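Remarks on the structure that follows.
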Amino acid sequence: MISIDKISLNFGGFELFKEISFLINPRDRIGLTGKNGAGKTTLLKMMAGKLSPSAGRISMPKEVTIGYLPQQMVLSDNRTVIEETKLAFEHLLQLQAEIESLNHQIAVREDYHSEDYLQMIDLAHEKSDHYRLLGGDNYEAEMEQTLTGLGFERSDFQRPTSEFSGGWRMRIELAKLLLKRPDVFLLDEPTNHLDIESIQWLEDFLKNYRGAVVLVSHDKAFLDNITIRTIEISLGRISDQKMNYSAFIEWKKEQREQQAAAFRNQQKMIDDTERFIERFRYKASKAVQVQSRVKALDRLDRLEIEEEDNSRINLRFPPSPRSGNVIIEARHITKDYGTLRVLDDIDLSVMKGERIAFVGRNGEGKTTLARIIMGELEHQGEMKLGHNVRIGYFAQNQAQLLDEKLTVLETIDRIAVGDVRTKIRDILGAFLFSGEEVDKKVSVLSGGERSRLAMIRLLLEPVNFLVLDEPTNHLDMRSKDILKKALAEFDGTILLVSHDREFLDGLVTCVYEFRNKKIKQHLGGIYDFLQRKRMDSLRELEAKDIAQEYKGGNGNEQHNVKPADSELSFEERKNINRAISRIEKGIEATEQKIAELETSIAKMDALLAQPEKIGEGNFFGEYEDLKKALSETLSEWENQHLELEEWTSKKTW
């Protein structure tokens, strides 16, 4: 669908891309990877038409539609959530207005037998059919499904977007993008503002989506669960492999060993040649050989390998000060923000050495409870810290608390103690601060750079209880691995608020689920929690909990009492039945077409056995056209059955 043909891009004297080429095919699932600054976001912008290459071209058919989600967007705040989301169906709404206008004219006019009146009726019918074909009868249900999948409550739909944080407004933009159903999604860090529930919902959506997906993400689990092809940008060139991210990393290790050997061999050959040239440069008897080798060096395609930090940084937290066995004892914790109750009568005990995770949808009180533990918020109930508990806290806004007058190096140097002082530059390098960057003032750092610097400070403080609120939001894969390893070796107690499943996996042994102002404890790791509930999405857990609430004392469901949204509405059932009927008719027509094509091909096969009966004309061209048409029709038939299965799975009554 999209052809990237030998594109190059220059910034001043720096060449970001060097004649890179690849194709994006229908239903591709591509993970775009590379170091920070390699050009991932820039390449997405170029494919979205926001930037132009210095050379080469990006081409696609005119009918191909692109859905681009950047990391940062300019958002409007003059509509409600549902009104803003409806903009995804602008073409449908315009068509609906045209139909209503035609119907009004038909109702008020009285020249029933005029040609103009009859043409108006035909036009109204034609537009109505087009409206239904485009899903006009179902778009409101689609909006509701998408918004709830991304974490919105139905009560949020009529709220102004100005009441929501930037992260929630980004979700509205993502919902609009998903509802437009483009041929190609270009997604730049789409999980940054999502919780685990919404991430898993988005995974399911993208895995089953009929178009192509190209995404940039530092969420390893998200990449592995969606992508089947990885394109890495390195040194201005790309490596394109049909495998997910984890498999690509293993493949890359093998390739790096081969490249390093080839690079060493070439460097030895270059050194030997240069020494020969230098030795015999001024000897007339060797002039021909010298010139020959000079030309050979000029023609040589010199190998490049990406620099790799091979330093074995064994980053550890300082030994934990001794504490009592009880770290936290909380009873009847309740927290209200005005009239909004976030936590209701919560009990929580954390013992020495425990590693727990807070998970749940945004807005359920995870950060609120973390801040109550830190003593930052007033609340009802009793919160006690154990004997000699020293807390290291990483808040979501931790980056804003750094001293802007200090440099990066000074910020770390002031808190580093002991042997770690000799490794300050190595530690900074591990978190992408190298060379002259360590002398930058904190005031000029980006949000992501500040977050990484705040995380380094935390790694160096002697504490025995770590409370980390979304610590991985701005960390790349390597920095996350270093932090995870350091946390795994930490000898104290850990509380993690995170939506990164890969990061939580292996770190935590207990999960607290936040839902409906309460918390529920689940022993085991994050994947144990998901598997125990036998689900692919935490959204399914919510549905199960609602259903459980409406069971009687003997475990049988009380059919006379049902929650308002536990059953599909009549309108939704009707839309599903209509879609199934439409697809079944399409399958019937396609099967008829397949039978006709197979009959025609069989007749031509019979003629091929008797060449003397083949008359003049383009017999073989027609034969190939028929076979091609049959292949395309069979593919269409397969897609129709996939669509039928998708709609049938929604029929739960």
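The values are calculated or read from the model by the stated rules, or taken from the named source; none is laboratory data. Note that the structure is a prediction, hence the values are computed from the model and not measured. A quick note on method: Cβ atoms are made from the backbone with ideal geometry, for glycine too, and the neighbour counts reach across all protein chains shown. Only protein heavy atoms, including side chains, enter the accessible area calculation; ligands, DNA and RNA are left aside. Shrake-Rupley method; radii C 1.70, N 1.55, O 1.52, S 1.80 Å.
Considering the conditions (1) at pLDDT 85 or above; (2) open to solvent by 80 Å² or more (accessible area, probe 1.4 Å), L626 is excluded by exactly one of them, (2). In contact (Cβ under 8 Å) with a residue 24 or more places away in the chain, in a strand (DSSP E or B) and either under 22 Å from the mean Cα position of the chain (by Cα) or within 30 Å of E153 (Cα to Cα) (or both): does that describe G56? Answer is no for this residue.
Checked against the criterion of being open to solvent by less than 20 Å² (accessible area, probe 1.4 Å), more than 16 Å from V359 (Cα to Cα) and either assigned to a loop (DSSP other than H, G, I, E, B) or of a type outside the set (S, T, N, Q) (or both), the candidates L487, L495 yield just one match: L487.
So which of K18, K45, K35 is touching a residue at least 24 places away in the same chain (Cβ under 8 Å), open to solvent by 60 Å² or more (accessible area, probe 1.4 Å), not hydroxyl-bearing (S, T, Y) and not in a loop (DSSP other than H, G, I, E, B)?
K45
Count of the stretch 83-110 residues, restricted to those that are in contact (Cβ under 8 Å) with a residue 40 or more places away in the chain and closer than 10 Å to K127 by Cβ, is 2. It is to be established whether one or more residues within the stretch 257-280 are over 24 Å from G429 (Cα atoms), surrounded by 10 or more Cβ atoms within 10 Å (Cβ to Cβ) and modelled with pLDDT under 75. Checking the stretch 257-280: not a single residue is over 24 Å from G429 (Cα atoms), surrounded by 10 or more Cβ atoms within 10 Å (Cβ to Cβ) and modelled with pLDDT under 75. Checking each residue of the stretch 296-317 against the condition of being surrounded by 12 or more Cβ atoms within 10 Å (Cβ to Cβ), more than 26 Å from E197 (Cβ to Cβ) and at pLDDT 85 or above gives no match. Just a yes or no: is a residue in the stretch 471-478 in contact with a His (Cβ under 6 Å, 6 or more places away or on another chain), open to solvent by 10 Å² or more (accessible area, probe 1.4 Å) and of a type in the set (D, E)? There is at least one residue in the stretch 471-478 that is in contact with a His (Cβ under 6 Å, 6 or more places away or on another chain), open to solvent by 10 Å² or more (accessible area, probe 1.4 Å) and of a type in the set (D, E).
Can you tell me how many residues in the stretch 177-214 are assigned to a strand (DSSP E or B) and within 14 Å of R27 (Cβ to Cβ)?
5
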